[in-house]
Amino acid sequence: MKYKKNLSFIIILITLSIGTAQAAKQVCPPRNRNGFTRGHIGTIAAFYHARYFTFNLKEYPNYWIIVSSKNGLDSRNIFYNMLITAKAHNFSVSLICKNDNLGVLNLH
């Protein structure tokens, strides 16, 4: 009987975690009429095994933007430093992302 309760609890947790994972989108958030998306940095998540990190904006929590090294050799590190600075000082950012990857990042 004790194991059935534990098993039921585990099944519920797995079901909830799958539902949460499907709610997040790895796509670019909506743009304004100037072509930029504006907001404040929300969560930054790093994935060592994939060698990239993602982040979202507080205004668009379900849209995750990928920061990869496709823009140049050191661009990933520069973007990461800019994101940390914007998050630490609560700066507003405007960005353009294409194909789910960050292309332009401006701090305000």
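No value in this document is a laboratory result; all are computed from the given coordinates. Owing to the predicted nature of the structure, the values given are computational and were not obtained by experimental measurement.
Structure values in brief
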read-out: Segment THR43-LYS58, extension gain: residue separation times 0.36 nm, minus the distance between their alpha carbons; value: 4.6 nm
read-out: For TYR52, residues with placed amide H under 5 Å, excluding near neighbours; value: PHE47
read-out: Square roots of 5 times each gyration tensor eigenvalue, C-alpha, the range 25-107, largest first, Å; value: 18, 14, 13
